[in-house]
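Worksheet for the structure shown next.
The values are calculated or read from the model by the stated rules, or taken from the named source; none is laboratory data. All values reported here derive from a predicted model rather than from experimental measurement. Note that we place each Cβ from the backbone using ideal geometry, even for glycine, and neighbour counts take in every protein chain shown.
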Amino acid sequence: MLSRVAENLYWMARYVERAEDTARLVNVTNHLMLDLPRRQPLMWSAVVDITGGSEDFANLYDQPNDRNVMQFLCADQRNPGSILSALAQARENLRTTRDVVPREVWEATNQLYMTACAQSEAGLGHGRSELFLKQIISGCQMMRGLVEGTLSYGTARTFMVLGRQIERADMTTRILDVRSGSLLSRGPDDIRPFEHLQWMSVLKSLTAYQMYRQHVRLRVRATDVLTFLLQDQNLPRSVTRSLWDASRALMSLPRHERALAAVTQVRADVAEADVGGLVRSPEGLHDFINDLQIGLGDLHDAIRRTYFTPLEAALQMSAA
C-alpha cells in the first residue's frame, strides 16, 4: 500500500472518531446544563478547552455561552476541530482512497457530510441542535459498522483501526484532564452537591455510564470513574483498551518496532498509575495526563515516520 493511501485512511478514521466524540461531548454537556442550577458557573468554556480550541475560540467569539460554543464546535469551519470540519476532512481523505474501501463506506461518509452541511446552514437553535448531534453520532457509528462489516482484514483496515484508537485514547484523556481538574480542584461548598451529576456526565461523554453501572456496581465516585476510564481492559473507550487495540493492529504491520515501543510505554504508564493518589492531587493528575498525551504524540510521530514518510527519508531518519 502506498504511504499516501495509508496516511489518508489513518486520518479519515481519526476525523470520524473526532466528529462523533465531539458531538457526544456537546450533547451531554447540553443536558447537564439543564440539571444544574443557574447559580452554578457555566461549563461551556471547559468543553472548548477539551477540544484544544481555546485560542481559536477567543479570536472568533466574545464569550463562551451555549450559542457561541455550539456554533464553534458544531458548524464553524474556521475551527479545524469542529464537527463539520472533521467530517469535511474525513470525506476528503476518503475521496482520494475510494478504490481501497467498499463503495458503501464512501457513500455513507459523503451523505453524512452533506446532511450535516444542510442542517448547519438551516441553523442550530435549541430545537435543532439535539437532532443534529444525534444524527452525527448515529452516522459515525453507521460508518464504523460498515467498515467492520464490509472491509477485508488487511492493511487498509489496520491503519483505520490505528487512527480510530489513537484518536479515542486522546479524547478520553482530554475529557478526563479538563473535567476532573475542574471537579477535583474546587472547594466542597461549591461543587459537592452536584459532583455526582458531573461525574455521570464524564461517563456519558464517553458512552460509559451503563457499563460503569454494570461492571463497577458502585455509586459514581471520582476514583472509581477514573480507574474505569483509564484502566478497564474491557471498556471500548478506556485508554487501556484503546491502546491494546492499537498494539494489536501494529503487530500485523512490518517495521513496527518503534511504534510498538511507544505504545507499550504509554500502556505501562497507565497500568502502573496510582489512581487514588492522583485523585488526591489534582496537579499530579494533570501532569500524569499531560505525560500520557505526550506519549500519544510520540506514538503518532512513530507511526508517521515509519509508514507515512517516503521510505528513503524514513531510512535516513532511522540511521540518524
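Limited to segment 47-72, what total is found for residues that are within 20 Å of residue 133 (Cβ to Cβ), surrounded by fewer than 18 Cβ atoms within 10 Å (Cβ to Cβ) and of a type in the set (A, V, I, L, M, F, W, C)? The total comes to 0. In a residue-by-residue description of segment 270-281, the property of being at pLDDT 95 or above, part of a helix (DSSP H, G or I) and not assigned by TED's automatic domain parsing to the domain that holds residue 20 applies to at least one position. Go through segment 246-263 and report how many residues are out of contact with any Leu (no Cβ under 9 Å at 6 or more places or on another chain) and not polar (S, T, N, Q). Residues that pass the stated criteria total 6.
Just to be sure, is residue 89 within 18 Å of residue 143 (Cβ to Cβ) and either of a type in the set (S, T, N, Q) or surrounded by fewer than 17 Cβ atoms within 10 Å (Cβ to Cβ) (or both)? Spelling it out, residue 89 is indeed within 18 Å of residue 143 (Cβ to Cβ) and either of a type in the set (S, T, N, Q) or surrounded by fewer than 17 Cβ atoms within 10 Å (Cβ to Cβ) (or both).
Each row is one residue, and each column tells you yes or no for (1) within 23 Å of residue 308 (Cα to Cα); (2) touching a residue at least 12 places away in the same chain (Cβ under 8 Å).
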{"residue": "213", "(1), (2)": "no, no"}
{"residue": "234", "(1), (2)": "no, yes"}
{"residue": "242", "(1), (2)": "yes, yes"}
{"residue": "249", "(1), (2)": "yes, yes"}
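Scanning segment 116-163 for residues that are in a helix (DSSP H, G or I), more than 19 Å from residue 13 (Cα to Cα) and not charged (D, E, K, R) yields a count of 10.
Checking each residue in segment 96-110 for being assigned to a helix (DSSP H, G or I) and touching a residue at least 12 places away in the same chain (Cβ under 8 Å) picks out 100, 104, 105, 106, 108, 109, 110.
Just one residue in the set 230, 197 is at pLDDT 90 or above and aliphatic (A, V, I, L, M); that residue is 230.
Scanning segment 120-136 for residues that are surrounded by 18 or more Cβ atoms within 10 Å (Cβ to Cβ) and either at pLDDT 90 or above or over 22 Å from residue 65 (Cα atoms) (or both) yields 132, 133, 136. For beta carbons closer than 7 Å, sequence separation of 6+ or different chains, a first residue in segment 166-184 that is within 12 Å of residue 198 (Cβ to Cβ) and a second that is modelled with pLDDT under 75, the qualifying pairs are 183/191; 183/195.
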